[in-house]
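Structure first, commentary second.
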Amino acid sequence: MRQHLDLDFVESSHFALGKLHVLSAFILCLGIAAAVLVIQRYQTSDEAYQTAQSNLHEIHPEKKEPVIRVERKPVSAEEIKNVREAVSLLSTPWSTLFSAIEQINMKEVALLSIEPSTKKQLVVFTGQAKNIQAALTYIERLEALPMLTQVYLQRHNIDQQDPFKPVSFTIVAQWS
């Protein structure tokens with residue numbers, strides 16, 4: 001029993017025309033035909049679009065000078081005041097103030113509120129400290145900030161009921 005052995009030491013490329021099967025050729029021709037149909041349909045729809053555009057321009061020609069109507073209403077003094085206040089609030093450097101205050105990070109002091117007043121250029125700090133010395137140290141650190149001047153302790157209260165005797169305080173500073 002002899003079998004015929006077919007050895008091919010030089011393999012041809014998978015894309016060689018010699019290996020092109022009938023089904024592959026049919027799919028290739030089908031793809032080319034579909035592409036031609038899509039191109040023709042695009043051209044006919046583009047022609048229809050161009051025709052519709054030209055018909056539209058004949059019916060309603062575009063005006064080259066648009067008509068602009070300007071209505072002028074008198075502005076009241078109250079509206080001017082409100083706008084100035086809004087501009088003042090928006091132009092205030094809040095982020096620099098808050099980031100500088102955050103840099104003072106003291107574990108003995110809890111800052112409860114910051115109330116800035118742009119009209120008076122004042123900032124009121126309300127907080128609690130472990131003791132009076134911590135509150136005074138916090139005031140010294142606020143005085144060291146370049147954007148705050150005339151920092152002073154407006155009010156303080158030592159809680160005698162608490163065994164740790166914390167200090168509630170209010171600090172007022174001029175904001176520049």
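Tabulated data
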read-out	value
Selection from region 145-171 of residues that are polar (S, T, N, Q) and surrounded by 14 or more Cβ atoms within 10 Å (Cβ to Cβ)	168, 170
Of all residues making up region 100-139, the number that are exposed (fewer than 11 other Cβ atoms within 10 Å of the Cβ) and more than 17 Å from residue 150 (Cα to Cα)	5
Residue check for residue 96: in the same structural domain as residue 164 (by TED's automatic domain parsing), over 29 Å from the mean Cα position of the chain (by Cα) and not in a loop (DSSP other than H, G, I, E, B)	no
Among the residues listed as 104, 114, the single one being within 30 Å of residue 160 (Cα to Cα), hydrophobic (A, V, I, L, M, F, W, C), in contact with a Lys or Arg (Cβ under 6 Å, 6 or more places away or on another chain) and touching a residue at least 12 places away in the same chain (Cβ under 8 Å)	104
Some residue of region 64-77 being modelled with pLDDT under 85, over 30 Å from residue 124 (Cβ atoms), of a type in the set (Asp, Glu) and not assigned by TED's automatic domain parsing to the domain that holds residue 133	yes
Yes/no for residue 142 being aliphatic (A, V, I, L, M), loosely packed, with under 14 Cβ neighbours inside 10 Å and part of a helix (DSSP H, G or I)	no
Criterion (within 28 Å of residue 91 (Cα to Cα), free of Cβ contacts under 8 Å to residues at least 40 places away in the same chain, hydrophobic (A, V, I, L, M, F, W, C) and in contact with a strand residue (DSSP E or B) (Cβ under 9 Å, 6 or more places away or on another chain)) met by exactly one of 132, 139, 158, 171	139
Any pair with Cβ under 9 angstrom, 6 or more apart, that starts in region 27-40 at a residue that is in a helix (DSSP H, G or I) and ends at one that is surrounded by 10 or more Cβ atoms within 10 Å (Cβ to Cβ)	28/20
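The values are calculated or read from the model by the stated rules, or taken from the named source; none is laboratory data. None of the values given here were measured: they were computed from a predicted structure. Methodologically, a virtual Cβ is constructed for each residue, glycine included, from the backbone with ideal geometry; neighbour enumeration extends over all protein chains shown.
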